[in-house]
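Report on the following structure.
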Amino acid sequence: MLNQSSLKKVVFAFGIMLGMTSCLSNVELADEAKAKESQAQILSYFSKLGQNPIAMEDGAYYYVTKPNVSGETAAKGDTLKVHYVLSNLLTGEVLDSSKTPLVYQYGYLNPVYAKLMAHIKDGEQAVMAIPGTSQSFVGLPAYTPLKVQVKNYIVRSQNDQIEDFIAKKKLAVTEQLANGLRYIRVSPGTGDIPAAGKVVKLKYTGRFLNGFAFDGNMARTDSFSVTIGGTSTVVGFQTGIEKMRLGERAILVFPSPIGYGEKGSGSTIPGFTPLAFEIYVAKIQ
């Protein structure tokens, strides 16, 4: 068996090859007789099991072996956790499998089963058969169909991740806004909420929901200035700050649409990343 790093390389390499297949199908599947044979083998496999598979693009088929009608479907940027097994459809020989869940963001990586993720829901298990190509792999001769088993499939949206974070930290949400911001007052401040145009001096720590601190000034002597009613910071941060009083401590947790969005921020914050900020209002001018 390959180690987890090697498994990922095999899975993603095969996925990339399949992506090329959709563009170069007339070249790679030029031998129509072999292509039709591969197709017949796939349909025969499901027929013997008494399963009625659903057709996908590029000649692939899938069948949900364990449905979960109430499960959520993955959206771009969701975190997916998947256990998979890749095998030769004809011989049953296992070519690759995951010992621990493969975790990745949907819509960014291209594992061999990526297209299947658009068709199944959280908690479901499924089998997908992919027609062979002219390219051969160890244990998978050219034009031999590949069988993909997906099991222990988990979809975690940003909202799911935020709720998990709050539950794990045992935080009491003071206010939740329609845009997804969770405002959590840790200790109250004094005076009025600052008016538009006021400059608020802050001490803060920005974290990913796994606890990693990517930015902050708590250990430094400087402070971070934010103008009330301004637009110099992301919406989630700005909106949360405008609810705080002098001396108040709070935690702001918000999803990427009111954070750094699909693109993220440089090499520091990936796209589609929910964030948590610990904030202290040190001064108001």
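The values are calculated or read from the model by the stated rules, or taken from the named source; none is laboratory data. These numbers come from a predicted model, not from an experiment. Positions of Cβ are generated from backbone atoms using ideal geometry, with glycine treated the same way; all protein chains shown enter the neighbour counts.
Checked across region 115-137, the condition of being modelled with pLDDT under 95, under 18 Å from the mean Cα position of the chain (by Cα), more than 20 Å from F254 (Cα to Cα) and of a type in the set (G, A, S) holds for at least one residue. Residues in region 139-188 that are touching a Leu at 6+ places or on another chain (Cβ under 8 Å) and assigned to a loop (DSSP other than H, G, I, E, B): G139, T144, P145, L181. Checking each residue in region 261-275 for being of a type in the set (A, V, I, L, M, F, W, C) and in a loop (DSSP other than H, G, I, E, B) picks out only F272.
All of (1) modelled with pLDDT of 95 or more; (2) of a type in the set (S, T, N, Q); (3) assigned to a loop (DSSP other than H, G, I, E, B) hold for N110 with one exception: (1).
Among what's in region 168-191 and is exposed (fewer than 13 other Cβ atoms within 10 Å of the Cβ) and farther than 19 Å from T273 by Cβ, pick the residue that is nearest to the chain's Cα centre (by Cα). Write out each step before concluding.
First, pick out the residues of region 168-191 that are exposed (fewer than 13 other Cβ atoms within 10 Å of the Cβ): 168, 170, 172, 175, 178-179, 187-188, 190-191.
Within this subset, residues satisfying the condition of being farther than 19 Å from T273 by Cβ are 170, 172, 175, 178, 187-188, 190-191.
Numbers: K170: 24, A172: 26, E175: 26, A178: 22, S187: 33, P188: 35, T190: 40, G191: 42 Å.
Here the residue is A178.
The residues listed here are G123, G139; of these, the one that is more than 30 Å from S232 (Cβ to Cβ), touching a Phe, Trp or Tyr at 6+ places or on another chain (Cβ under 7 Å) and outside the structural domain of T273 (by TED's automatic domain parsing) is G123. For region 64-94, name all the residues that are buried (at least 16 other Cβ atoms within 10 Å of the Cβ) and part of a strand (DSSP E or B). Those that are buried (at least 16 other Cβ atoms within 10 Å of the Cβ) and part of a strand (DSSP E or B): V64, T79, L80, K81, V82, H83, Y84, L86, S87, N88. Of all the residues in region 209-237, those that are crowded, with 17+ Cβ neighbours inside 10 Å and assigned to a strand (DSSP E or B) number 3.
Residues in region 54-84 that are within 20 Å of the chain's Cα centre (by Cα) and over 23 Å from L209 (Cβ atoms): N68, S70, Y84. If you go through region 166-173 one residue at a time, do you hit one that is of a type in the set (V, I, T), without any contact (Cβ under 8 Å) to a residue 24 or more places away in the chain, assigned by TED's automatic domain parsing to the domain that holds E262 and touching a strand residue (DSSP E or B) at 6+ places or on another chain (Cβ under 8 Å)? Yes; the residues of region 166-173 include at least one that is of a type in the set (V, I, T), without any contact (Cβ under 8 Å) to a residue 24 or more places away in the chain, assigned by TED's automatic domain parsing to the domain that holds E262 and touching a strand residue (DSSP E or B) at 6+ places or on another chain (Cβ under 8 Å).
Can you work out which of the residues in region 35-57 that are touching a Lys or Arg at 6+ places or on another chain (Cβ under 8 Å) and in a helix (DSSP H, G or I) is farthest from D160 (Cα to Cα)? Step by step, filter region 35-57, then rank; the result is Y45.
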